[in-house]
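The values are calculated or read from the model by the stated rules, or taken from the named source; none is laboratory data. In this text the structure is predicted, and so the values were computed from the model without any measurement. All Cβ positions, glycine included, derive from the backbone under ideal geometry; neighbour counts span all protein chains shown.
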Amino acid sequence: MPGDALRWAEIDTTAMQHNAQVIKAGLRPETRLMAMVKSNGYGHGATIAARAALAGGATWLGVYTPDEALELRNAGIAEPILVAGWSPPSTHDALVSHGVDIAVFDVATLRDLATTARLRGRRARVHVKVDTGMGRLGVRPEAVDAMRQALRDEGTSIEVAGVFTHFADAESDLAFTKEQHARFLYAADVLRSNAAETLLHTAGSAAILNVAAAHHDMVRLGIALYGYVPRGTAADVALRIAMSVFARVVQLKTVSADETVGYGRTWRASTTRRVATVAIGYGQGVPRVLSNRGALVVGGNRCPIVGIVNMDQVTVDVSDSDGVTVGDAAMFFGESAGVRLGADEVADVAGTIPHEITCGVAASVPRLPREAADRANGGRPTAVP
């Protein structure tokens, strides 16, 4: 594909497998690893990410929507899957039939699930989510007694497979994280069934690295699966970037001193410069805020973005990169041929987080396993310095 594509994303499945293995090695042997592959695997491709994570030691998968869960089932993935977001009643039959675990945080959803399970002659497996301080989805601690009673009322139609919560700031506010954890332990004591299979899980990537006491029966590996340590996390772990995004240089031109480039004439050449137009823009995921601030890797060097990021293209100053020609691959973010420009670095310039950068890569950008991309490029890494 790289030979004739204007833009593409290379997905390093061995990097995701490695990252899962590194995180798993830091857990107690009995602690399960759930790989979060919501939002199309943080932009990497849900099925690709799921298979890589399972190969690296994950035994559970987490998604946000029913459609995401059913996509994985239809791809032949049989491992346990949790829908961590809201599941509309219209999806309950399919989820129960496909053996998907479902988050519940209100009695109405619980009762609808129980009705569906009875009609199917099956048990619906639920994970009760507790709101311990995020203010989003979840049963408030003061309402867990009512939820416990509702669970008892539904009897054998419902299996409490898990109880979970999510921390608001496990990166830097450990005092509040401990407060949330204490609230969770109270709620879990009320909600947890007598069955040993009921799993407690609270830790995402930041808490996995910062709060060992929160590991419990299972942890939920998110952004760290894809190669990034959450900002503010001090842990030193050897993660590898899993996605690298490329686009072609489609024109080169010399811009004389005092000439301007782009909409609004926001960039003016101070001296004679060599400017490349690259076929990627905000329509494919390059934040417009990177205008005159960000960089792309071209010819092995970081080359500054000059002018405004367009919908389908961006202009960069390649004056300090020798030998750049039309058709060369420019890297938006990632790692290739020993050159790194991570989504975390891009996010820092854009004032956001790496999650938004990777998830923002448009679906129109083809995802290609890195080994296949290398073969299509004659066995060479795509971005050769």
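Of all residues in region 84-108, those that are hydroxyl-bearing (Ser, Thr, Tyr) have Cβ atoms under 9 Å from Cβ atoms of residues that are surrounded by fewer than 16 Cβ atoms within 10 Å (Cβ to Cβ), 6 or more apart or on another chain, in Thr91/Asp67; Ser97/Arg120; Ser97/Arg122.
A single entry from Ala161, Ala182 fulfils the requirement of being over 15 Å from Gly138 (Cα atoms), touching a residue at least 60 places away in the same chain (Cβ under 8 Å) and either touching an Asp or Glu at 6+ places or on another chain (Cβ under 9 Å) or assigned to a helix (DSSP H, G or I) (or both): Ala161. The residues listed here are Asp93, Asp112; of these, the one that is touching a Lys or Arg at 6+ places or on another chain (Cβ under 8 Å) and in the same structural domain as Asp189 (by TED's automatic domain parsing) is Asp93. Restrict the check to region 278-289 and report whether at least one residue is in contact with a Ser or Thr (Cβ under 9 Å, 6 or more places away or on another chain), surrounded by fewer than 21 Cβ atoms within 10 Å (Cβ to Cβ), of a type in the set (Val, Ile, Thr) and modelled with pLDDT of 95 or more. Yes: one or more hits. Before we move on, is Asn74 out of contact with any Asp or Glu (no Cβ under 6 Å at 6 or more places or on another chain), at positive phi and at pLDDT 95 or above? It is false that Asn74 is out of contact with any Asp or Glu (no Cβ under 6 Å at 6 or more places or on another chain), at positive phi and at pLDDT 95 or above.
Working carefully through the options Asn310, Asn292, find the one that is on the phi > 0 side of the Ramachandran plot and at pLDDT 95 or above. Outline the logic, then answer.
Values: Asn310 fails: on the phi > 0 side of the Ramachandran plot.
The unique qualifying residue is Asn292.
Got at least one residue in region 120-129 being out of contact with any Leu (no Cβ under 6 Å at 6 or more places or on another chain), modelled with pLDDT under 95 and not in a loop (DSSP other than H, G, I, E, B)? Yes, some residue in region 120-129 is out of contact with any Leu (no Cβ under 6 Å at 6 or more places or on another chain), modelled with pLDDT under 95 and not in a loop (DSSP other than H, G, I, E, B). Among the residues of region 261-288, count how many are in contact (Cβ under 8 Å) with a residue 12 or more places away in the chain and part of a strand (DSSP E or B). Of the residues in that region, 8 qualify.
Matching residues to (1) under 30 Å from Ala279 (Cβ atoms); (2) among the polar types (S, T, N, Q):
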| position | (1), (2) |
| --- | --- |
| Met16 | yes, no |
| Ala69 | no, no |
| Asn74 | no, yes |
| Ala94 | no, no |
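For region 192-202, state whether one or more residues are at pLDDT 95 or above and either outside the structural domain of Pro80 (by TED's automatic domain parsing) or assigned to a helix (DSSP H, G or I) (or both). The answer is no; no qualifying residue exists.
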